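Heads up, the thing below is written out as structure tokens.
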Amino acid sequence: MFGGQKVFLLDVFIIITGAYVSSITMIIVALSIEALANSYMEFNKEIEENIKSGKLQTNAALLEEIEGSLIEYLRLADVVYRCFGAAISMTFMNGLIVHSSAQFALRVYGENMNLLQMSVYMGWALLGFVTTAAPLNRHRTFYKVVIFLMMLLAFCQYLLLYTRLYEG
């Protein structure tokens with residue numbers, strides 16, 4: 001069987017087990033980041049309600065409480081990204097390598113490929129692109145919202161200070 005190579009079955013088992021563990025790890029990473037982002041979006045909605053009601057511009061204690069919560073969210077995000085940073089980096093690099101290899105094969109050997117081979121390499125190129133871009137999108141969105149909220153809180157602090165100076 002398999003040309004007398006008994007190690008082949010062990011190799012297949014290792015590859016399938018590695019793929020299973022990697023996929024479970026990436027699912028856990030995606031769910032953790034999604035939960036963090038959803039919780040942060042709820043936090044942003046509460047802040048928007050406070051801004052619309054005018055509480056944030058006049059209440060220094062509420063502003064300090066929101067800043068404390070923002071710091072806790074940033075610490076939680078730091079813990080999540082530190083725990084899963086290696087998995088995210090590996091996924092990004094693996095996606096980049098798969099995409100580059102598939103593009104190379106399509107460009108160099110594309111003229112000699114049949115339709116099935118070409119569709120397999122196009123699928124690999126697409127998969128490589130998705131695994132390169134997808135892990136970075138949620139992080140970018142999360143930090144973009146965090147930076148906007150920090151600027152908004154700085155503006156509210158400015159308004160609070162301005163009202164205290166010129167009213168008092």
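If R0 equals 30 Å, the separation of the Cβ atoms of L153 and E34 corresponds to a calculated FRET efficiency of about 0.75. Under the simplified labelling scheme, the L127-S23 pair shows an inter-label distance of 1.0 nm, with each label point 7 Å from Cα along Cα→Cβ. Distance between the 7 Å Cα→Cβ label points at S89 and L10: 3.1 nm. Here the gap between A60 and E42, fully extended at 0.36 nm per residue and compared with their Cα-Cα distance, gives a gain of 4.3 nm.
The protection proxy used here, the mean number of other Cβ atoms lying within 10 Å of each residue, ranks peptides 89-95, 144-150 as follows, highest first: 89-95, 144-150. Just need log10 I(q)/I(0) for the chain at q = 0.11, 0.18 Å⁻¹, Debye formula, equal scatterers on the alpha-carbon atoms, no solvent, rounded to two decimals. Those come out to -0.68, -1.13, one per q.
Restricting the calculation to Cα atoms, the range 26-71 yields a radius of gyration followed by a Dmax of 13.7, 44 Å.
Normalised by the number of residues in the range 31-167, the mean separation of alpha-carbon contacts (under 8 Å, six or more apart) gives a relative contact order of 33 percent.
Values in this text are rule-based calculations from the coordinates and carry no lab data. Keep in mind that what you see is a predicted model, and the values were worked out from it rather than measured. Because the Cβ atoms are built from the backbone with ideal geometry, glycine has one as well, and the counts that use them run over all protein chains shown.
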